[in-house]
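Enquirer: Structure below; questions to follow.
Derivation of every value follows stated rules applied to the coordinates shown; laboratory data play no part. Everything numeric here is computed off the predicted structure, so don't read it as measured data. Note: ideal-geometry Cβ built from the backbone for every residue, glycine included; neighbour counts use all protein chains shown.
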């Protein structure tokens, strides 16, 4: 659903229209999935909080997905085709209110693909317009779009209605003090953050200061009052750089908090330090979100520190320690050797749940079971009639014996079909072996995924460790096939190419 002020497209109006559509189609509503303010271009249906839960966990409970308009439900053509494939495999249908399209028909699928393509073009055109706006905003001294860096705020002129940047006095004073502490007093960023937090200063979001956030702000050239841009991949931090106008000079948009000399002095001082932040670890942390600090319940991460001895040799000390930060400090910060932590976890888990049977969840369509039941009943009637006196199989010998065996086989299969199998359902199948065998024959990633899915935690304290297992761990450990998994998506893309 999408939120608008117009009554005809409000979420309430959309839901009322869908209730009316359900009555018109003669279907019973079993639930409503409403995910407001989520982009159909960026977030596919299976990743939305409410609708995703219905698709992954409650698929047997419904047969049809009714939605108000196609571009509110899905926009990417690839996502649309994947949803159509899911509907085919799970025996579902999708019906649109506005477009009046039924996805089960070939014509409906063709029209839906065309409409989704048009919606995608519209979304791309919107992206082009936004890109043009950002490109224009770079060249002007006015503030057109975006949020200013910490230390500035926007001001609107009452006469010209133009927006410009102004210095926020208390934040500018804080940043100037932080620069003096760093350059003149040679204090660490961690010390500066702790001092700011104790003094009551907070970030723009009202949170405690962290080293990473403070460093990124203080090293931002925007504090010199110039326009900055940041290029790179979305979702990653890309260091901002100064934007130069047509005259070859930086575009000035505000008064500076740091002068050019002060900013250069700060950068040069930081560059003289051999290590401002701990180096990035090449080895990743195993059992992340499983091994946790027993005091603050934060993650325990792998760290390796190099230490140079007096004889010139280097020693690498490896730890698994509490990932405590300035914003979430831990008074204890327990640590352990990686082999000890991982070994204790594996042994404890094997002792507690290693003998549990491995169970897999499988989806069964009631329509297929109904068809099979009907075929078996027709086959049984055929053999019963043929084995009756004067029937085509009542001749003795090999023919009659084969017919009797076929009758017994079909009757046994029919008796094994559950009565509730006429409806869609999840069935649970026992696989060979136990979790102990699965983990010992597999790898660390396999065990890590199982423990995360089971909600199992290994709490580490200063002098002991504790394994925490939920009461419903057997239910959580059940293997579930994720139809929309990244691996399946990659396979489908490769097949399409």
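Enquirer: Mean 1/r over all different Cα pairs, inverted: what Kirkwood radius does region 152-272 give, in Å?
Expert: After inverting the mean inverse Cα-Cα distance, the result is 15.8 Å.
Enquirer: Let me ask something additional. Find the Rg to Rh ratio for region 160-212, where Rh is the Kirkwood radius over alpha-carbon pairs and Rg uses the same atoms.
Expert: Ratio of gyration radius to Kirkwood radius: 1.09.
Enquirer: Can you give the Rg and Dmax of region 52-93 based on its C-alpha atoms, in angstrom?
Expert: 10.4, 27
Enquirer: Further question: Could you tell me the extents of region 365-408's C-alpha atoms along the three principal axes, largest first, rounded to whole Å?
Expert: Sorted largest first, the three principal extents are 40, 16, 10 Å.
Enquirer: How do the peptides 71-80, 86-95, 193-202 rank, highest first, by the average count of neighbouring beta carbon atoms within 10 Å per residue?
Expert: Those peptides, ordered most packed to least, come out 71-80, 86-95, 193-202.
Enquirer: Extent of region 433-486 along each principal axis, from alpha carbon coordinates, in Å, largest to smallest?
Expert: The Cα atoms of region 433-486 stretch 42, 24, 23 Å along the principal axes, largest first.
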